[in-house]
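Structure first, then comments.
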Amino acid sequence: ASSEELKAAYRRLCMLYHPDKHRDPELKLQAERLFNLVHQAYEVLSDPQTRAIYDIYGKRGLEMEGWEVVERRRTPAEIREEFERLQREREERQQRTNPK
């Protein structure tokens, strides 16, 4: 989807699921959960870097620490290499702190 289509869908869904539009407490709680999911999805999809990470690794890739130091203009192959490097560093750090 283009950025314009993404933004239009986001606005439409936010208006539909905004918690203030629902008076019933149960419906308001469901709307709040859906509103938060829509917001999180928009944050990921609107940024090309996080979108590429999500496309390659899914939610697990977004939860990985260390992406903030990665250059913002990378190809999917470079992102994959960086992810594998960060994962190896994380495993090494865990082995050093938790020796068997």
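Derivation of every value follows stated rules applied to the coordinates shown; laboratory data play no part. Because the structure is predicted, anything quoted here is derived from the model rather than measured. Glycine also receives a Cβ, built like all others from the backbone with ideal geometry; neighbour counts cover every protein chain displayed.
Determine, from the Cβ-Cβ distance of residue 94 and residue 46 and an R0 of 35 Å, the FRET efficiency 1/(1 + (r/R0)^6), rounded to the nearest 0.05.
The pair residue 94/residue 46 has a calculated efficiency of 0.60.
Could you calculate, for the chain, the ratio of the Cα radius of gyration to the Kirkwood radius, expressed as Rg to Rh?
Rg/Rh: 1.14.
Scan the chain and hand back the longest stretch that contains none of the GluC sites (Glu not before Pro) lying in DSSP loops with at most 13 other Cβ atoms within 10 Å.
1-62
Which ³J(HN,Hα) values in Hz, rounded to whole numbers, follow from the phi angles of region 39-53 under the Karplus curve 6.51 cos²θ - 1.76 cosθ + 1.60, where θ = phi - 60° and Gly and Pro get x?
Karplus-based 3J(HN,Hα) across region 39-53 equals 5, 4, 4, 5, 4, 6, 6, 7, 9, x, 5, 5, 5, 5, 4 Hz.
Run through region 1-58 and list the trypsin sites (Lys or Arg not before Pro) located in a DSSP loop whose Cβ has at most 16 other Cβ atoms within 10 Å.
23
Tell me which of 61, 45, 30 sits at the most positive position along the dipole axis of region 3-97, charges placed on C-beta atoms (Lys, Arg +1; Asp, Glu -1).
Among 61, 45, 30, the one farthest towards the positive end of the dipole of region 3-97 is 30.
As a footprinting exposure proxy, order 44, 38 by other Cβ within 10 Å, with the fewest listed first.
44, 38
Once you place label points 7 Å from the Cα toward the Cβ at residue 85 and residue 28, how far apart are they in nm?
The answer from the label model is 4.9 nm.
Taking the Cα centre of the chain as origin, sum charge times position over the Cβ atoms of Lys and Arg (+1) and Asp and Glu (-1), and report the length of that vector in debye to the nearest 20.
160
Pairs of alpha-carbon atoms within less than 8 angstrom and 6+ residues apart define the contacts here; what relative contact order does the chain have, in percent?
Rounded, it is 19 percent for the chain.
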